[in-house]
1. Can you pull out the residues in segment 29-39 that are aliphatic (A, V, I, L, M) and in contact with a Phe, Trp or Tyr (Cβ under 8 Å, 6 or more places away or on another chain)?
2. Among the residues of segment 6-47, which ones are open to solvent by 10 Å² or more (accessible area, probe 1.4 Å), away from the ligand (no atom under 16 Å from the Cβ) and closer than 22 Å to E110 by Cβ?
3. Please list, ordered by residue number, the strands (runs of 3 or more DSSP E) wholly in segment 91-186 having 2 or more residues that are farther than 23 Å from F208 by Cβ.
4. Sort out which residues of segment 249-270 are open to solvent by less than 10 Å² (accessible area, probe 1.4 Å) and within 12 Å of the ligand (Cβ to nearest atom), and write them in order of number.
5. In segment 194-233, which residues are part of a strand (DSSP E or B) and either within 16 Å of the ligand (Cβ to nearest atom) or closer than 29 Å to R292 by Cα (or both)?
6. Just a yes or no: is a residue in segment 68-87 more than 24 Å from A364 (Cβ to Cβ), outside any loop (DSSP other than H, G, I, E, B), in contact with a helix residue (DSSP H, G or I) (Cβ under 7 Å, 6 or more places away or on another chain) and within 16 Å of the ligand (Cβ to nearest atom)?
7. Could you please let me know if L387 is away from the ligand (no atom under 16 Å from the Cβ), under 23 Å from I479 (Cα atoms) and surrounded by 21 or more Cβ atoms within 10 Å (Cβ to Cβ)?
Amino acid sequence: MPKAVGIDLGTTNSVIAVMEGGKPEVIVNAEGARTTPSVVAYKGDERLVGQIARRQAALNPQATLFEVKRFIGRRWDEIREEAARSPFKVKEGPGGSVRIEVAGKDYAPEQVSAEVLRKLVNDASAKLGEKIKDVVITVPAYFDNSQREATKQAGEIAGLNVLRVINEPTAAALAYGLERKGNETVLVFDLGGGTFDVTILELGDGVFEVKSTSGDTHLGGADFDQRIVDWLAGEFQRDHTFDLRKDPQALQRLIEAAEKAKIELSSASETTISLPFITFDPETRTPQHLERTLSRAKFEELTSDLLRRVREPVQQALSDAKLSPSDINEVILVGGSTRIPAVKRIVQDIIGKTPNESVNPDEAVALGAAVQAGIIQGDSALGDIVLVDVTPLTLGVEVKGGMIAPMITRNTPVPAKKTEVYTTAENNQPGVEIVVLQGERPMAADNKSLGRFKLEGIPPMRAGQPQIEVTFDIDANGILHVTAKEKTSGKEASIRIENTTTLDKTDVEKMVQEAEQNAAADKARKEKVEKRNALDSLRIQAVQQLDEAQNADQGAKDKLKAAADAAEEAVRSDDDAKIDAAQKALEEELRSFMTANQGAAQTGAPDSGPTVNTRKDDDVIDADFKPAD
Ligand code: AMP
């Protein structure tokens, strides 16, 4: 059975891991890196994913998509503000969903994330030598139902079988706790690129039991970067009157420089941000440069409100778990942003303990996901691990007066099932509309509406007489299914909760097909590039032969030179048929030339004809383009 892998689909970076000999191991990508930037760029009909996409971001800001996880499973009105800060075009899609427009084409965030997943899995399949299909994908614990659904759909669009969607902090705790023996209460503090989660777990004897979880899906490293971007743009505007953030290229450079400065400030107390030729003055048409020094103290001042915002979820998680800070045995830091000294200080301050830094904050989540994949596949090396996770937010239905009636409260262990009986508010009401909500606020309108459905055909009855049984069923992925049944008439209705922002089945199928076609196009493109490179290598070999066999017969030299020139022209023409013909002709010429001049040249002719080494050229061939299977 091919192995199942664990994937940390991060806001900024993603990581893939697998169980090897009873231990989770990170799988390096085609570029040899352990983390892959969650960046996708569109260049004509080509798609670049990972480092190669990130590298060209400043030159192609409107078609280089990053931090798309911030938009996945969201409604447009939830992300409108974040969207306005993006160098690429994020807009409202069908049913209040989110779409990203690149060169006139709309992409769902799920589709973009699917590209990242596809690259991770293709690279890992090549490394492991087997085609990977089964995956466990992590999500922030505080992701709501539609964000989880959308992540699962991203996996499906990438052609994967998503065995489980698991919470990131829980995954990190799995990685941490795998080799711990005693009983402990741990707090996982996970501040990544775009989201913040706090989870408290009890570990002991192979049981990982989540006690509570809390967080903020609008808080992450990118917000810290944004503060630096705003500061830099503000400083620049003071001197130049125009706003750099309005120029997508300048904005992309500001974002990159801000992140770099932030990272440097985790180890240095001061850093210089230098952006020569950041823009042209629109009036004088002269190039403008930006150079500023940022101290750690100033950075902490710029981000003081963000730093304050991490406190509340920690306190909430403690109070939900009915624990005080002194009950926490270990604090585990996960997510790149926990490297910010002020963040560490705050955690230490709240819990009163030095955080445990034994886990690698960038890799722990993927490693834990691989452990979960191993558990599901019955990896015998893992023994009997039991994992009890919880639902992060309260789920309920809307009732009279626009209130929410909670069905499953936050921090209930999942899977969970709950049935409640409701009735009608008016006489002879022929049907009811069931509005499913998620959130902690008492009024329905203040919570997230996950979806609505109608139960119709209720026979005429007085108000209060019908017995409408509503069942909420949360699966192990934290995804909700709802059914309703009117008991006297036996009428039933059910939905798998899909709100308007979630892609419907036909959308997903269409995107799967499109992704497969894209993969086939990538494969064809790769073959084409390889073909061209092979001919170019052969041409170089021919030129070398001509150089080295000076004393060869002039007629033979002319023929080989002519074939090499034809090859050069074919490479430039990009015409497949011409390339094939030139390859064949040059191979023949080179073989007969080498046979006739054996000994004249240093390079010996191989039996089966000249060897062809595919040239590695970053511009034309890239390791991102893996065969589709
Ligand atoms: P993750 O989602 O866990 O990959 O975290 C990515 C976030 O961590 C990004 O916002 C990075 O800028 C941030 N990050 C990574 N390394 C550091 C560092 N040394 N100091 C501060 N932030 C960092």
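The values are calculated or read from the model by the stated rules, or taken from the named source; none is laboratory data. Note that this is a predicted model, so its numbers are computed, not measured. For neighbour counting, all protein chains shown are included, and Cβ atoms are generated from backbone atoms with ideal geometry for every residue, glycine included. With ligands, DNA and RNA removed, areas are computed over all heavy atoms of the protein, side chains included. Shrake-Rupley method; radii C 1.70, N 1.55, O 1.52, S 1.80 Å.
1. Scanning segment 29-39 gives a single hit, V39.
2. Y42, K43, D45, E46, R47
3. In segment 91-186, 98-102, 105-107 are the strands (runs of 3 or more DSSP E) which contain 2 or more residues that are farther than 23 Å from F208 by Cβ.
4. Answer for segment 249-270, where residues must be open to solvent by less than 10 Å² (accessible area, probe 1.4 Å) and within 12 Å of the ligand (Cβ to nearest atom): A258, A261, L265.
5. Once the filter is applied, which keeps residues that are part of a strand (DSSP E or B) and either within 16 Å of the ligand (Cβ to nearest atom) or closer than 29 Å to R292 by Cα (or both), segment 194-233 yields F196, D197, V198, T199, G215, D216.
6. yes
7. yes
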